[in-house]
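Beneath this line is the structure, given in structure tokens, with notes to follow.
The values are calculated or read from the model by the stated rules, or taken from the named source; none is laboratory data. None of the values given here were measured: they were computed from a predicted structure. We place every Cβ from the backbone using ideal geometry, glycine too, and count neighbours over all the protein chains shown.
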Amino acid sequence: MAQNLNDAFAWIRELHMEVARLKSGALLQNSSISEGRMRFIGGLLLIDSGGTLQVVGRFDGTGNFEWSGPWKFDSGDGEIAGNVKLTGDFDLTGQMDVTGGIEILGPGKIKVGNVIIENGRITAGTGAAQVTIDGETGKVTAGDMTMDPTVSGGALTFANGAQVFTDDDTVQLYKGSSVVQVTDSYARLQNGGDVVEINDNGIRMSPGAIPTTPGTGLPVPGVLIQAPNGYVRKSDGT
């Protein structure tokens, strides 16, 4: 209670200032809460006009967290314990260590340097040295060479049409009408219908493999001779 008029006037001025502060709506300006809490039941906490929410300590919450606009975790380690779904592009400038599996369920693409994994195909390199592995057909293409496991027991085909392939018993190399054939028991060289074969019994040649040469002076036909040009011929008995 005021003891004199001066105290009464001071009390009235103080009361007037308190009422003015309440009317201004700035109750929490420059305020602090020690060892307590502030609770919003419903409603909205709005920070606008260039304001900043700054947390020194922990930021814990339960519920949905939605954000639009740029954001950045500037430093420190992080951990995500739940599932993460990305609907946009993801740029990784550092190193990613994966201790589990990676599964792409949709028609996605993985690109590392000049290696691309897409739609069941792996492509590495560019131009004439490009290598492609097709997971659906099993074919491997390296430039103009193709390895195809569906041809016989597997085949390697070159740009000029030459091919190396296997079956149950042989390994063969052919180009046009010429074939080299190798098995456990023989090696065979063939051009058209002419055959030269080496097996356990020796060397075998088809009848047309060595042409006859007349006028050799040898009375016996079938004698092998070497012609001046280096080719092997057989006498015709004249």
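Some notes on this structure:
- Exactly one residue out of 137, 166, 157 is closer than 27 Å to residue 105 by Cβ, of a type outside the set (A, V, I, L, M, F, W, C) and either free of Cβ contacts under 8 Å to residues at least 24 places away in the same chain or loosely packed, with under 14 Cβ neighbours inside 10 Å (or both), and it is 137.
- Residues that are among the charged types (D, E, K, R), within 48 Å of the chain's Cα centre (by Cα) and farther than 18 Å from residue 231 by Cα within the stretch 165-217 comprise 167, 168, 169, 175, 184, 188, listed in sequence order.
- Counting only strands (runs of 3 or more DSSP E) that sit wholly inside the stretch 163-231, not one has at least 2 residues that are small (Gly, Ala, Ser) and out of contact with any Lys or Arg (no Cβ under 9 Å at 6 or more places or on another chain).
- Residue in the stretch 135-143 that is at negative phi, in contact with an Asp or Glu (Cβ under 8 Å, 6 or more places away or on another chain) and of a type in the set (A, V, I, L, M, F, W, C) present: yes
- The residue pairs whose first member lies in the stretch 208-226 and is farther than 23 Å from residue 189 by Cβ, whose second member is surrounded by 10 or more Cβ atoms within 10 Å (Cβ to Cβ) and of a type in the set (Asp, Glu), and whose beta carbons are closer than 6 Å, counting only pairs six or more residues apart or on different chains, are 214/236; 221/236.
- Close Cβ contacts (under 7 Å, 6 or more residues apart or on different chains) running from residues in the stretch 83-112 that are in a loop (DSSP other than H, G, I, E, B) to residues that are among the polar types (S, T, N, Q) comprise 107/119.
- On inspection, residue 142 qualifies as at pLDDT 85 or above and touching a helix residue (DSSP H, G or I) at 6+ places or on another chain (Cβ under 8 Å).
- Verdict on residue 183 being surrounded by 11 or more Cβ atoms within 10 Å (Cβ to Cβ), farther than 22 Å from residue 155 by Cβ and of a type in the set (S, T, N, Q): no
- Residues of the stretch 118-133 that are closer than 21 Å to residue 164 by Cα and surrounded by 16 or more Cβ atoms within 10 Å (Cβ to Cβ): 132, 133.
- Scanning the stretch 140-154 for residues that are free of Cβ contacts under 8 Å to residues at least 12 places away in the same chain and not in a strand (DSSP E or B) yields a single hit, 149.
Conditions tested, residue by residue: (1) at positive phi; (2) not small (Gly, Ala, Ser).
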residue: 147; (1), (2): no, yes
residue: 167; (1), (2): no, yes
residue: 176; (1), (2): yes, no
residue: 191; (1), (2): no, yes
residue: 198; (1), (2): no, yes
residue: 203; (1), (2): no, yes
residue: 208; (1), (2): no, no
residue: 213; (1), (2): no, yes
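- With respect to the stated conditions, residue 136 is within 24 Å of residue 163 (Cβ to Cβ) and part of a loop (DSSP other than H, G, I, E, B).
- Check on residue 22, part of a loop (DSSP other than H, G, I, E, B) and either touching a Gly at 6+ places or on another chain (Cβ under 8 Å) or over 30 Å from residue 113 (Cα atoms) (or both): no
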